[in-house]
Structures are given as structure tokens and as C-alpha cells.
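Scroll down for the structure; my scribbles are underneath it.
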Amino acid sequence: MLTRRHIRVKVMQSLYAFNQSQNDKLATEEKFLKKSMDEMYDLYLLQLNLFTEIRGKAENFLEKSQLKHLATKEEIDPNKKFIDNKVVQILDENEPLRQAIEDHKITHWKRDDEYVAIIWEEIKNSDLYAEYMKTRESSFQEDREFVINVFKQIIAPNEKLYEYLEDKKLTWLDDLPLINTAILKMLQKMKETSAGSLKLTKLFKSPEDKEFAIELFRKTYLNDEMLSKEMLGKTPNWDEDRIAEIDMVLIKMAICEFVKFPSIPVKVTINEYLEIAKEYSTPKSSIFINGVLDKLSKEYKSEGKLNKMGRGLM
């Protein structure tokens with residue numbers, strides 16, 4: 001789930017927060033980084049749990065309709081196609097998902113169920129739902145397509161949900177696009193035989209990625225003085241106090257990758273930090289950072305400082 005770029009963003013945010021707080025306890029900020037990454041998985045579970053809670057709202061709606069004093073024929077014998085949706089049933093009955101939700105204490109929708117109600121109302125009043133409910137029977141393919149469309153058209157872009165997540169954890173806003181993509185891929189791959197074998201997406205693609213996050217944070221922080229010196233003379237017409245602090249952090253992280261991570265290609269490092277700068281810093285930051293890193297990488301190469309291993313790493 002976590003891409004190397006997103007890992008770099010998490011490290012950048014932690015280093016920036018470290019600088020702002022002027023905290024000198026590495027262990028405390030390293031704990032903050034780990035917590036930030038773990039909370040991203042909480043968001044993943046929270047979004048998956050939303051399907052189950054919406055299904056619960058739908059069941060309650062049908063039950064209340066049946067109890068009406070002057071219930072219509074449709075209310076007495078309601079169409080249960082939505083609550084019987086095979087994809088939602090798989091998510092609802094999946095034991096690993098249930099256990100993960102319990103272990104991570106995902107109880108948000110129980111405490112703030114008005115947001116579940118908002119999503120359910122939008123689904124119930126949508127043309128998508130009306131079309132789906134025209135029949136009482138469905139194939140697994142139709143059920144899956146409906147859930148995917150609901151997620152893409154109603155859940156993912158929902159402004160109220162967005163505001164709720166922002167209020168709960170500010171870092172979730174950066175995580176949400178990646179989480180929604182992971183859930184969408186999971187739904188698209190789901191098969192009818194997934195009932196007892198559905199595998200949850202892991203936070204890290206490999207143990208190496210988790211190690212990379214911690215090592216990048218530690219090595220950038222512990223080598224801060226050296227990395228600062230490396231920048232001297234490489235920023236013409238820019239006084240240090242005029243350089244955006246985010247840019248300083250990104251340049252230091254990139255230099256750290258140049259000299260402390262021999263398996264990462266120079267081009268990959270430069271491209272990654274340019275893309276991060278475009279999203280998180282000033283409009284001109286990527287041009288500025290590109291100039292500094294390009295100059296440094298050429299100097300390191302000519303001086304033999306780029307101790308890169310493997311093919312295509314220059």
C-alpha cells in the first residue's frame with residue numbers, strides 16, 4: 001500500500017515537525033513517524049468498515065419500513081438486493097477484517113454514525129441505486145460493479161466524509177487518495193470465491209520498505225550538519241533563510257539518499273523529490289531543487305562519492 005514516494009512524504013513531514021518543535025529527542029519523533037504510518041492503516045480499515053455500517057443502516061431502514069402501520073406491499077416484502085450484495089457480505093463476514101478492526105479499535109462509525117447515515121441517504125437517493133434495485137436478483141459481477149461505482153461516485157468524493165476525516169486526523173488527507181486506490185484495486189480483484197480467502201492489503205509492500213522509512217529518517221536527522229554543509233555554495237542567489245524550510249528538508253533527504261543509500265538510483269531520487277516538491281512546496285521549488293540536486297549529483301559522480309551498486313543506478 002505505502003509506496004516509496006509516500007514513505008518519503010511521511011519522513012519529510014516528521015522531519016519538518018521535528019524542526020518546528022525544536023525537539024532534540026530522536027526516539028520521540030521516530031515514534032511520531034511510526035504512528036503516522038500505522039494510522040494510515042487505521043484509515044484503510046475505517047473505509048472498509050464503512051461498507052458494513054452502511055449495510056446495517058439499510059437493514060434498519062427496511063425493518064422500520066415493515067413496521068409501519070400502513071405499510072405498502074413493497075415495504076412489507078422489501079427488495080433486499082442491497083443488503084444481500086455479495087461483495088458487501090464478503091467484507092462483512094471476513095474474519096481477518098473483523099479482527100483487524102477490533103485490534104485497531106476502529107469504532108468511529110459507532111460513535112459518529114450520523115456520517116454513515118449521510119452516505120446511506122446519498123446512496124439510497126441516487127440514480128445508481130435506483131437502477132440497481134430494479135431487479136431482485138443479481139450476479140456477483142453486477143454486485144461488484146455496483147459497489148465499485150458507489151465507492152467511486154458517492155463515498156470517495158463525499159465532502160462531508162472528507163471533512164470528518166480531516167477533523168479526526170489531519171495526516172489522513174494526504175493518505176486518502178492512496179487508501180482509496182488500494183480499496184478500489186481490492187474490490188476490482190474480488191471474486192465470488194473470496195468469501196473465506198479475502199486478503200487484506202498490507203501497509204508495507206515489503207519489510208525493506210518499513211526499514212527504508214526508519215533509516216531515511218534517522219540518517220537524515222543524524223547527518224543534518226553534514227548535509228547542511230553539502231548545500232553550501234550550491235544555492236546561488238539564495239540565502240539560507242530565504243529557502244523554504246520544506247525545500248531544505250527535501251534537499252537534505254535527497255543528499256542523504258545519494259550518499260547513504262547505495263541501492264537507490266540517482267535519477268529515481270531526483271525525480272521523487274521533484275514530484276514531492278511540486279505537491280508540498282512553492283511553485284518554483286521543484287526548479288530550485290532540481291538545480292541543486294543536479295549539480296550535486298554531477299559533482300559526487302566526478303569525485304567518486306556516489307557509491308551506487310547495481311546496474312542503471314547512476
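The values are calculated or read from the model by the stated rules, or taken from the named source; none is laboratory data. Worth saying up front: this structure is predicted, and the values here are computed from it rather than measured. Positions of Cβ are backbone-derived with ideal geometry, glycine not excepted, and every protein chain shown enters the neighbour counts.
Of all residues in region 1-41, which are outside any helix (DSSP H, G or I) and of a type outside the set (Ser, Thr, Tyr)? Across region 1-41, the qualifying residues are 1, 2, 22, 23, 24, 25.
Tell me, yes or no, whether region 194-212 has at least one residue that is modelled with pLDDT of 95 or more, in contact with an Asp or Glu (Cβ under 9 Å, 6 or more places away or on another chain) and under 19 Å from residue 250 (Cα atoms). No, there is no match, as no residue in region 194-212 is modelled with pLDDT of 95 or more, in contact with an Asp or Glu (Cβ under 9 Å, 6 or more places away or on another chain) and under 19 Å from residue 250 (Cα atoms).
Remark: pairs (first residue in region 19-35, farther than 19 Å from residue 223 by Cβ; second residue at pLDDT 85 or above; Cβ separation under 6 Å; 6+ apart in sequence or on different chains) = 32/14. When 130, 117 are checked against the criterion of being free of Cβ contacts under 8 Å to residues at least 24 places away in the same chain, small (Gly, Ala, Ser) and either more than 20 Å from residue 184 (Cβ to Cβ) or out of contact with any Lys or Arg (no Cβ under 7 Å at 6 or more places or on another chain) (or both), 130 stands alone in meeting it.
Table: residues versus (1) in contact with a Ser or Thr (Cβ under 9 Å, 6 or more places away or on another chain); (2) closer than 26 Å to residue 93 by Cβ.
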position	(1), (2)
158	no, yes
167	no, no
174	no, no
185	yes, yes
198	no, yes
229	no, no
244	yes, no
252	yes, no
257	yes, no
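Would you be able to say whether some residue in region 155-167 is part of a helix (DSSP H, G or I), β-branched (Val, Ile, Thr) and loosely packed, with under 14 Cβ neighbours inside 10 Å? Among the residues of region 155-167, not one is part of a helix (DSSP H, G or I), β-branched (Val, Ile, Thr) and loosely packed, with under 14 Cβ neighbours inside 10 Å, which makes the answer no. Could you please give the count of residues in region 133-149 that are without any contact (Cβ under 8 Å) to a residue 60 or more places away in the chain and either of a type in the set (S, T, N, Q) or in contact with a helix residue (DSSP H, G or I) (Cβ under 6 Å, 6 or more places away or on another chain) (or both)? Within region 133-149, residues that are without any contact (Cβ under 8 Å) to a residue 60 or more places away in the chain and either of a type in the set (S, T, N, Q) or in contact with a helix residue (DSSP H, G or I) (Cβ under 6 Å, 6 or more places away or on another chain) (or both) number 9.
Residues of region 111-148 that are farther than 22 Å from residue 90 by Cβ and not in a helix (DSSP H, G or I): 112, 125, 126, 134. Tell me, please, whether a residue that is more than 30 Å from residue 7 (Cα to Cα) and of a type in the set (Gly, Ala, Ser) can be found in region 167-190. No, region 167-190 has no match at all.
Kindly indicate whether residue 215 is surrounded by fewer than 18 Cβ atoms within 10 Å (Cβ to Cβ) and either farther than 30 Å from residue 93 by Cα or not assigned by TED's automatic domain parsing to the domain that holds residue 16 (or both). Yes: the conditions hold for residue 215.
Evaluate region 208-229: report whether one residue or more is touching a residue at least 60 places away in the same chain (Cβ under 8 Å), over 29 Å from residue 45 (Cα atoms) and touching a Cys at 6+ places or on another chain (Cβ under 6 Å). Yes: one or more hits.
Scanning region 221-229 finds no residues that are under 20 Å from residue 13 (Cβ atoms), of a type in the set (Ser, Thr, Tyr) and at pLDDT 95 or above.
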